[in-house]
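Below is one structure, written out as structure tokens; the observations come after it.
The values are calculated or read from the model by the stated rules, or taken from the named source; none is laboratory data. None of these values were measured; they are calculated from a predicted model. Cβ placement follows ideal geometry from the backbone for every residue including glycine, while neighbour counts extend to all protein chains displayed.
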Amino acid sequence: MTEDILHRVKQTNQSSNIDYTPEMYNEALVLIEDLCILISNLPLNHYGMPSPDRPATDLVNSDLQREKQHNDVDLATIIANNEPLLTDEQKMFIIGLCWLLMMNKAAFFLGRTRWNR
């Protein structure tokens, strides 16, 4: 990965005299950690590797980015395909949860103290 970063920096600066820097290694660690968090929801230090230097806002922003990266049409297709596969108990749970959400009564169940309107 660091080779790719070095190649990108060389092309951006149009110079072949650039060598590896600590920032490049850190960027590679950030990319690797992002993959680990995406796959296992665990940071690199859980696997005995050093964590990259990044501000706490980057962690929140990457989680937010991941939450926003979805396609409504694809999700609707998945729901339409899987809804008939639900058991009666699962259907009743979903109906009850939707009712609670509509009545603003599921805040405690979902770990929220109040709803933003």
Can you tell me how many residues in region 61-116 are modelled with pLDDT under 65 and either on the phi < 0 side of the Ramachandran plot or assigned to a helix (DSSP H, G or I) (or both)? 19
For residues that are among the polar types (S, T, N, Q) and in a loop (DSSP other than H, G, I, E, B), tally how many sit in region 1-17. 4
Matching residues in region 1-45 (exposed (fewer than 13 other Cβ atoms within 10 Å of the Cβ) and of a type outside the set (A, V, I, L, M, F, W, C)) number 17
Out of Glu27, Glu33, report the one residue that is more than 29 Å from Ile94 (Cα to Cα), within 12 Å of the chain's Cα centre (by Cα), assigned to a helix (DSSP H, G or I) and modelled with pLDDT of 85 or more. Glu33
